[in-house]
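**Q** What follows is a structure written as structure tokens; I'll ask about it next.
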Amino acid sequence: MRYVEEFRDPKAAKALIAAIGRVADQIGATREKPVHIMEICGGHTHAIFRYGLDKLVHEGIEFIHGPGCPVCVLPMSRVDDCVTIAERAGVIFTTFGDAMRVPGTRKSLLQAKADGADIRMVYSPLDALELARRNPGKEVVFFGLGFETTTPSTALSIQQAAREGLTNFSVFCNHITVPEPIKALLDDPHMVLDGFVGPGHVSMVIGVHPYDFIARDYRKPIVVAGFEPIDLLQSVLMVLEQIRDGKAEVQNQYARVVPEHGNPISLAAIADVYERRPRFAWRGLGEIDASGLRIREKYLAWDAETKFGIGYAASPDDEPEGCECAAVMTGRLKPTACPQFGRGCKPETPLGALMVSSEGACAAYWTYGGARVAAE
Amino acid sequence: MCLGIPGQIVAITDEARQMAMADVSGVRREVSLAPVALGPLADLVGAWVLIHVGFAMAVIDAEEAAATLEALRGLGEAQETLEQMAEGAKALEDQ
Ligand code: SF4
């Protein structure tokens, strides 16, 4: 138990790890016939590697890393669209720092900035709003990216811009939703998934009921989890207990932050500003029905797609040479099995998006032990 | 991006826009209280909130805030978020 001592409550962690081991034995999980648990959220992926939870728990438990890292699933063509917008004269293009190094087919935003485009890393869409107020002669575009955790922030920013009549602000909307890709993965006959650890902060916004279909229609357990090590261990135990008892329910381990019905103000803002696209492309997963959002007609004045005449079009997934992002994304391959891992592809010079963000599975492997594997 | 960071509300800065000053690990940052504005904004002064990309998304208690901050420090996310805040402030000044 290498890392347990650094947990806030090592005693509780040890007790949970022991309990997980007992239940795994009761189920009959072994290294050869493991229980597959998908952690959906990239924040959980990061925490699992940081604390070595995959090594600490019973060997019959296999974590499958889910699609919950927004920059990792962004199609290259959308990065290209960002670069196209950013290179227009008179544009200040604003983005979260995470998205700067995501490779496009032509270049990343970082390269576009080096080539002279006015691209600024911001912490919040509020910073982009402020830039628009201070630069009335410029068009300030915010790169709206992320799951339901960040979707309310751009919705509320657009509503604010509308109230102020701030017409030189727009959002390039690439927001995506969590439940739809989970459904797509469950429908994939190649995927073996026995249960889920659900995202805590997405659920803080949407509540727990959007996951009901997982339990009802697919008979799989899901436990919404916080991201401290103890939260994750407890959630894994709750998933295993459901499997042992033949149950499939939506449980909320993170009730101290996640209300059953989510955050009503955020949900209202999302519903007011956005509507679902018929389908949206995910890197490695292909197009998924109703999995992306676009700006409603009444807010088109703040829609960068409309302002710059950029539509959404699915593009064939042109992945870089020899890269296995798609297989890693769907859990069919471990990052270390990708021939580019640690060779052509490192966090400083990512080939694939899974290496860009600390929430990406490849970056997590690399940072917490993968570098060692590659050197061997 | 998805983890958020706890901060304590110190003052309301713009009632109409629902903006407030928050203390985030010793750094001051203006945040929107819109998602948690269920009652008078003044009631939120002194409260701990979970802040995602500049928006207070949930009111949490002081103990939860402390535990969350510790977990974020362990993951290196607290430092990263503070750097992103500094980056955001700089972006406003760049020409
Ligand atoms: S190592 Fe790089 S190229 Fe290979 S799967 Fe991971 S991100 Fe993609």
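What follows draws every value from the coordinates through simple rules; no lab data is involved. These numbers come from a predicted model, not from an experiment. Neighbour counts run over all protein chains shown; Cβ positions are idealised from the backbone, glycine included.
**Q** Semi-axes, largest first, in whole Å: what does sqrt of 5 times each Cα gyration tensor eigenvalue give for the stretch B:5-46?
**A** Each semi-axis is the square root of five times an eigenvalue, giving 16, 10, 9 Å.
**Q** Among B:37, B:57, B:13, flag the residue with its Cα farthest along the positive direction of the charge dipole of the stretch B:5-60, charges on Cβ as +1 for Lys/Arg and -1 for Asp/Glu.
**A** Final value for the positive-end residue is B:57.
**Q** Over the whole of A:116-129, what's the average partner chain Cβ count within 10 Å per residue? Rounded to a whole number, please.
**A** Average neighbour count from other chains, rounded to a whole number: 6.
**Q** Mind putting a number on the dipole of the stretch A:324-374 about its Cα centre? Charges go on the C-beta only, +1 for Lys and Arg and -1 for Asp and Glu, and I need it in Debye to the nearest 20.
**A** 180
**Q** In Å, the Kirkwood hydrodynamic radius of the protein assembly as shown over pairs of distinct alpha carbons?
**A** 22.5
**Q** Next question. Report the relative contact order of chain A, percent, no decimals, based on alpha-carbon pairs under 8 angstrom and at least 6 residues apart.
**A** Worked out over chain A, it gives 20 percent.
**Q** I would also like to ask the following. For residue A:113, which lysines qualify as cross-link partners when the Cα separation must be under 16 Å and same-chain residues fewer than eight apart are set aside?
**A** Output for residue A:113: B:90.
**Q** Between residue A:287 and residue A:306, what is 0.36 nm times their sequence separation minus the Cα-Cα distance? Round to one decimal in nm.
**A** 4.7 nm
**Q** So what is the calculated 222 nm ellipticity per residue for chain A, using -39500 (n - 2.57) for each DSSP H run with n of 4 or more, over all residues, to the nearest 500 deg cm²/dmol?
**A** Calculated mean residue ellipticity at 222 nm is -10000 deg cm²/dmol.
**Q** Give me, ordered by chain and number, the residues 5 or more places off residue B:22 or on other chains with an amide H under 5 Å from its own placed amide H.
**A** Residues meeting the amide H criterion: B:10, B:29, B:30, B:31.
**Q** Report relative contact order for the stretch A:324-374 in percent, whole number only (criteria: Cα-Cα under 8 Å, sequence separation at least 6).
**A** Across the stretch A:324-374, relative contact order equals 30 percent.
**Q** Separation between the residue A:313 and residue B:87 pseudo-spin-labels, each 7 Å from Cα along Cα→Cβ, expressed in nm?
**A** 3.1
**Q** With springs only between Cα atoms under 10 Å apart, run a GNM on chain A and tell me which of A:362, A:72, A:323 wobbles the most.
**A** A:323
**Q** A follow-up question, please. Mind checking B:83-93 for the average number of partner chain beta-carbons within 10 Å of each residue's beta-carbon?
**A** 6
**Q** Note down the nm distance, to one decimal, between modelled labels 7 Å out along Cα→Cβ at residue A:261 and at residue B:13.
**A** Inter-label distance under the simple model: 3.3 nm.
**Q** Determine the calculated [θ] at 222 nm for chain B from helices alone, applying -39500 (n - 2.57) to every DSSP H run no shorter than 4 residues and normalising by the residue count; nearest 500 deg cm²/dmol.
**A** Only helices count here, giving -11000 deg cm²/dmol.
**Q** For A:93-103, what's the mean count of beta carbons from other chains sitting within 10 Å of each residue's beta carbon?
**A** Counting other chains' Cβ atoms within 10 Å and averaging over A:93-103 gives 2.
**Q** Report relative contact order for chain B in percent, whole number only (criteria: Cα-Cα under 8 Å, sequence separation at least 6).
**A** After rounding, I find 25 percent.
**Q** Cβ under 10 Å from residue B:41's Cβ, residue B:41 left aside: what net charge do those residues give with Lys, Arg +1 and Asp, Glu -1?
**A** Within the 10 Å Cβ shell, the charges total -3.
**Q** On a 0 to 90° scale, report how tilted helix A:151-164 is relative to the longest principal axis of chain A, with both axes built from alpha carbons and the result rounded to the nearest 10.
**A** That helix lies at roughly 20 degrees to the long axis.
**Q** Taking every DSSP beta bridge that has both residues in the stretch B:5-60, what percent is antiparallel when rounded to the nearest 5?
**A** Among the beta bridges of the stretch B:5-60, antiparallel pairing accounts for roughly 95 percent.
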